[in-house]
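The values are calculated or read from the model by the stated rules, or taken from the named source; none is laboratory data. Bear in mind that the values here come from a model prediction, so they are computed numbers and not experimental data. When we count neighbours, we look across all protein chains shown, and the Cβ atoms used for this are built from the backbone with ideal geometry, even at glycine. SASA here: full protein model, heavy atoms, side chains in, ligands and nucleic acids out. Shrake-Rupley method; radii C 1.70, N 1.55, O 1.52, S 1.80 Å.
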Amino acid sequence: MGIRFNEVTHEYASYSKITYKAIQNISLNISEHEEFIALVGHTGSGKSTLAKHMNALIFPTSGTVEIFGNIITKKRNKKIKYNSIRKNVGLVFQFPEYQLFEDTVEKDVMFGPMNFKVPKEKAKELALDSLKLVGLDETYLNRNPFNLSGGEKKRVSIAGILALDPEILVLDEPTSGLDPEGKTTLMKLFTDIHKKTNKTIIIITHDMDLVYQYFNRVIVLKDGELSFEGTPEKLFKSNILKNNHLDLPNTVKTLKHIKETLNLDVDIYQKTAEDVINELNRVTKNE
Amino acid sequence: MSIISVKDVSFSYNEKKLGLKNVNIEIKKGEWIAILGHNGSGKSTLAKTLVGLLEPQSGEILIDQVLLNDESAYELRKKIGIVFQNPDNQFVGVTVRDDIAFGMENLCIPREEMLEKIDFYAQKVGMKEYLDKQPSNLSGGQKQRVAIAGILAMHSDILIFDEATSMLDPYTRSDLIEYIKTLNKEGLTIIMITHDVNEALLADRMLILNQGEVYAFEATNDLLKKPEVFRECHLELPVALEVASKVESQKIKEKLWEYVLTK
Ligand SMILES: Nc1ncnc2c1ncn2[C@@H]1O[C@H](COP(=O)(O)OP(=O)(O)OP(=O)(O)O)[C@@H](O)[C@H]1O
Ligand SMILES: Nc1ncnc2c1ncn2[C@@H]1O[C@H](COP(=O)(O)OP(=O)(O)OP(=O)(O)O)[C@@H](O)[C@H]1O
Ligand SMILES: [Mg+2]
Ligand SMILES: [Mg+2]
């Protein structure tokens, strides 16, 4: 099952005759389980467009997307229950403002479960639990989601998908706008969900530190096309970073600087600060 | 002489929700300030009071020695440009071109010059091919780039960026930062709200907000030597300094500090 892209192209129509090809000829397999994927690429490379195909929010201009057995094509198909696809694959938008719409935080987070016939009391419970997971306490329940700070809005929109608890989670830049503590808490939370439930999670990000530290598969888009697929290790050791508007993680950059200025024989490819410390201590021990 | 003086400013959104509490800050012309703080600490609120979008219940704000109030706000807005946290709040025009022009229109820049500037700044942020597109049909990062171009084009004395680079790819981001550096060298005052400590390192001083209050406001290089401040405010240190605090070799420690302090 899972999600399968088969030569998918998406062109956005516009008022003028010009159309914009956002993604082109993408073929891609994403398993229902066990995947923890980082989707990266320059601004405008087509990441959000690709993500919106994953739960049939938009349809391909050509090609097909298979989502849990439903074959999505250009034309709407009466036999497909598009709504139930949202329970298979949950998507958190890049801008929380596009996602939030109720007049209280509680109602907003309850919306997903209620939409799939979870009883009200249970949905309330789920909402509070999910809000707590993203670091918001009960004082937020009755707040208007539009009168929150940027990072608080982001957290509410993420709580929404946690309450819904879909089979696959797709999150479009979930950590942009989060404070450092929130970023770590949420990345740990996603990792935890992935490990405990074996659910596939796909995260769009520009943060190379996160890509290296947390993920086991990276997909890179460039001008709407697939430009790389593989492990973070392979990506960061490749010579395609600049070409794709990417960069090395800070751990690697720091070690590279040390290696070059002190002429040390260190392995610069370390994922966390702790790994960097161990590696440096290892090399200097024998001096 | 301060270009921005914030004197004992307090602001609350309503009886229950405090935004800022007794904030005092002085910023000199040509300084580069980074504002850090947890989600909901009051960064955007502070930025909005500086441009006169929110009126503090108490205290006063002076921009270039002029008291900010209803009468002066319009004139003062010409001195201070802000890129909002959500670029959608910036857009008013039908096309990207209109949007970049919008800020300049208020400055009464002649049409010829304006067209030239639109081209120049669209190019600067890599959006020249998108000038006829509707801003609402852009990707997240493209929206941020357009919002930034509009503010750069105004070339105001003070530029405030409220997490304006949060959705840019690493390359576009460092490109833009390089350009902001040159503007700063020309004497523009830069205020950058950010969660990215590496970006904050570029600032002369860091202002750390915590629950609506100023927790620290010090030279970047001094503040970095107080890791407890970062811990207490739930912030992070650059990787290099985290490593420096635990690595055994003295020589490496020194190199790591040098690496951070020369950024
Ligand atoms: N329009 C509003 N009405 C009521 N409360 C608000 C409003 N806007 C913000 N707040 C509250 O004021 C506090 C400060 O918000 P502010 O937007 O200044 O935070 P911030 O530091 O910019 O956070 P972030 O990093 O998440 O952007 C927050 O607790 C927030 O919930
Ligand atoms: N509604 C739309 N109408 C027309 N063109 C669009 C629309 N949405 C996106 N595009 C264009 O399609 C391309 C891909 O956009 P997309 O939002 O998928 O990029 P992205 O990789 O998510 O970028 P970012 O990192 O900036 O969010 C961009 O060039 C964008 O301008
Ligand atoms: Mg996007
Ligand atoms: Mg903010």
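Listed values, structure above:
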item: Filter result for the condition that a residue is within 18 Å of A:Ile202 (Cβ to Cβ), under 19 Å from the mean Cα position of the chain (by Cα) and away from ligand 3 (no atom under 16 Å from the Cβ), over A:Ala38, A:Ala22, A:Ala56, A:Ala51; result: A:Ala56
item: Residue list for the range A:249-269, filter: more than 7 Å from every other protein chain (Cβ to nearest Cβ) and either open to solvent by less than 30 Å² (accessible area, probe 1.4 Å) or at positive phi (or both); result: A:Pro249, A:Val252, A:Leu255, A:Asn263, A:Leu264, A:Val266, A:Ile268
item: The range A:84-100 residues that are farther than 18 Å from A:Ile203 by Cβ, paired with ones that are not polar (S, T, N, Q) (beta carbon under 6 Å, 6 or more apart); result: A:Ile85/A:Ala56; A:Ile85/A:Ile67; A:Lys87/A:Phe116; A:Lys87/A:Pro166; A:Leu100/A:Asp108; A:Leu100/A:Pro145
item: Residues that are crowded, with 19+ Cβ neighbours inside 10 Å and within 11 Å of chain B (Cβ to nearest Cβ), drawn from the range A:225-246; result: A:Asn244, A:His245, A:Leu246
item: Scope the range B:135-184; condition within 11 Å of chain A (Cβ to nearest Cβ), over 24 Å from A:Asn243 (Cα atoms), touching a helix residue (DSSP H, G or I) at 6+ places or on another chain (Cβ under 8 Å) and more than 16 Å from ligand 4 (Cβ to nearest atom); matching residues; result: B:Ser136
item: Odd one out for A:Gly63 among (1) more than 16 Å from ligand 3 (Cβ to nearest atom); (2) at pLDDT below 95; (3) out of contact with any Pro (no Cβ under 7 Å at 6 or more places or on another chain); result: (2)
item: Pair list, Cβ under 6 Å, 6 or more apart: the range B:12-24 residue in a loop (DSSP other than H, G, I, E, B), other residue within 11 Å of ligand 1 (Cβ to nearest atom) and open to solvent by less than 70 Å² (accessible area, probe 1.4 Å); result: B:Tyr13/B:Gly19
item: Identity of the residue in the range A:186-202, more than 14 Å from chain B (Cβ to nearest Cβ) and open to solvent by less than 30 Å² (accessible area, probe 1.4 Å), that ends up farthest from A:Gly2 (Cα to Cα); result: A:Leu189
item: Subset of the range A:158-178 [within 16 Å of ligand 1 (Cβ to nearest atom) and in contact with a helix residue (DSSP H, G or I) (Cβ under 6 Å, 6 or more places away or on another chain)]; result: A:Ala159, A:Pro174, A:Thr175, A:Gly177, A:Leu178
item: Within the range A:52-89, considering residues that are in a loop (DSSP other than H, G, I, E, B) and open to solvent by less than 30 Å² (accessible area, probe 1.4 Å), the one farthest from A:Asn29 (Cα to Cα); result: A:Ile80
item: Of all residues in the range A:126-185 being among the charged types (D, E, K, R) and within 16 Å of ligand 2 (Cβ to nearest atom), the one that is surrounded by the most Cβ atoms within 10 Å (Cβ to Cβ); result: A:Lys154
item: Selection within the range B:100-135 - open to solvent by 20 Å² or more (accessible area, probe 1.4 Å) and closer than 16 Å to A:Thr43 by Cβ; result: B:Gln123, B:Lys124, B:Gly126, B:Lys128, B:Glu129, B:Tyr130, B:Lys133
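Here is a yes/no grid of residues against (1) within 11 Å of chain A (Cβ to nearest Cβ); (2) surrounded by fewer than 16 Cβ atoms within 10 Å (Cβ to Cβ):
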{"residue": "B:Ile193", "(1), (2)": "yes, no"}
{"residue": "B:Glu199", "(1), (2)": "no, no"}
{"residue": "B:Met206", "(1), (2)": "no, no"}
{"residue": "B:Gln211", "(1), (2)": "no, yes"}
{"residue": "B:Lys226", "(1), (2)": "no, yes"}
{"residue": "B:Arg231", "(1), (2)": "yes, yes"}
{"residue": "B:Glu254", "(1), (2)": "yes, yes"}
{"residue": "B:Tyr259", "(1), (2)": "yes, no"}
